[in-house]
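Shown next, in structure tokens, is the structure this report addresses.
Bear in mind that the values in this text are calculations on the coordinates, not laboratory data. Here the structure is a predicted model, which is why all the values come from computation and not from measurement. Neighbour counts run over all protein chains shown; Cβ positions are idealised from the backbone, glycine included.
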Amino acid sequence: MLHATNLTLARDGRTILTGITLTAHPEQVTAIIGPNGSGKTTLMAALTGDLPPTIGQITLNGDSIARLSPRHLATRRAVLAQETQVAFPFTVSEILQLGLEAGPGPADPALIPRLLAEVDLSGTAHRPIHALSGGERQRIHFARALAQARRPRSDQGPMWLFLDEPVSSLDIAHQLMVMRRARRFAAEGGGVVAVMHDLNLTAMTADHVILLSEGRLLAAGPPTYVMTDRLLSQAYRCDIRTNRTPTTGPYLLPQMAGAAV
Ligand SMILES: Nc1ncnc2c1ncn2[C@@H]1O[C@H](COP(=O)(O)OP(=O)(O)OP(=O)(O)O)[C@@H](O)[C@H]1O
Ligand SMILES: [Mg+2]
């Protein structure tokens, strides 16, 4: 279980997160949604242990995250950042190798071609990462996180995948592929926390949704509870109308979401 209590986080004298308390469960996909600048990436950085909060506690599988060394953290959670800059001319397989080395226990190199197939990039292992398209690079970094989080559940408890906008550069088929893979990771016992901007994809794939607004938690719960006209319109400051289907839960169509004047 991932548990954060009363998180407040200030940077450069500005308070970015205020009083956030949340829980994310293994075997579930937890989505963090909210407008640009609402604090999603900052919250992720706090939850992954990369940015200590000014006030508040975070526990991951029962242990305070502040007490875990970077090495231990890497064996409990893998992170796909919103933007990943690769400074060196690494090949695709070298990038995945970094994930294998960071994760827990011995790594089977045969995992690399398997993961490349899973992100629909078989045959790219020897290509420089810089020579791939933006969406292809994003899928490689997702595969790197999967390489690190290769065992969704072990004696140490569940492994966690933190994904900050994992589908932002992807076409619709690959968006579904990545979210399906994240769901499978959860079904296999791991925990998934994903920052999302696509509200329809969120409604389809998340078990639990956390809605941020101006650094505060506006609502948390299942998609049907959080993704209402009132809460979404309030958070995003535009007129959002949702509909429902029995199979996909809430959905919204772009022409129904006109900007407020
Ligand atoms: N390093 C920093 N120093 C100071 N302020 C920062 C820093 N990084 C982000 N902020 C501010 O914190 C707020 C939240 O930023 P954050 O990146 O968490 O937003 P976000 O919800 O992820 O937005 P987006 O959807 O655009 O990715 C913004 O107002 C931003 O300007
Ligand atoms: Mg962000």
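Counting only residues that are surrounded by 13 or more Cβ atoms within 10 Å (Cβ to Cβ) and small (Gly, Ala, Ser), segment 68-94 holds 4 of them. Looking at segment 50-73, can you tell me whether even one residue there is without any contact (Cβ under 8 Å) to a residue 60 or more places away in the chain and within 16 Å of ligand 2 (Cβ to nearest atom)? Within segment 50-73 (the criterion being without any contact (Cβ under 8 Å) to a residue 60 or more places away in the chain and within 16 Å of ligand 2 (Cβ to nearest atom)), the answer is yes, since at least one residue qualifies. Scoring Ile172 on the criteria (1) away from ligand 2 (no atom under 16 Å from the Cβ); (2) in contact with a Leu (Cβ under 8 Å, 6 or more places away or on another chain) leaves a single failure, condition (2). Report whether or not His3 is more than 15 Å from the chain's Cα centre (by Cα), without any contact (Cβ under 8 Å) to a residue 40 or more places away in the chain and away from ligand 2 (no atom under 16 Å from the Cβ). No, not satisfied.
Looking across Ala187, Ala145, Ala173, one residue alone is aliphatic (A, V, I, L, M), surrounded by fewer than 22 Cβ atoms within 10 Å (Cβ to Cβ) and either on the phi > 0 side of the Ramachandran plot or touching a residue at least 60 places away in the same chain (Cβ under 8 Å) (or both). It is Ala187.
Residues in segment 6-49 that are more than 24 Å from Gln156 (Cβ to Cβ), within 14 Å of ligand 2 (Cβ to nearest atom) and not hydrophobic (A, V, I, L, M, F, W, C): Arg11, Gly34, Pro35, Asn36, Gly37, Ser38, Gly39, Lys40, Thr41, Thr42. For segment 95-119, a residue qualifies if it is surrounded by 14 or more Cβ atoms within 10 Å (Cβ to Cβ) and not hydrophobic (A, V, I, L, M, F, W, C), and the qualifying residues are Gln97, Gly99, Gly103, Pro104, Pro113, Arg114, Glu118. Within segment 216-228, the set of residues being touching a strand residue (DSSP E or B) at 6+ places or on another chain (Cβ under 6 Å) and either of a type in the set (Phe, Trp, Tyr) or crowded, with 23+ Cβ neighbours inside 10 Å (or both) comprises Pro223, Val226, Met227.
Only one of the numbered conditions (1) assigned to a loop (DSSP other than H, G, I, E, B); (2) in contact with a Ser or Thr (Cβ under 9 Å, 6 or more places away or on another chain) is not met by Leu121, and that is (2).
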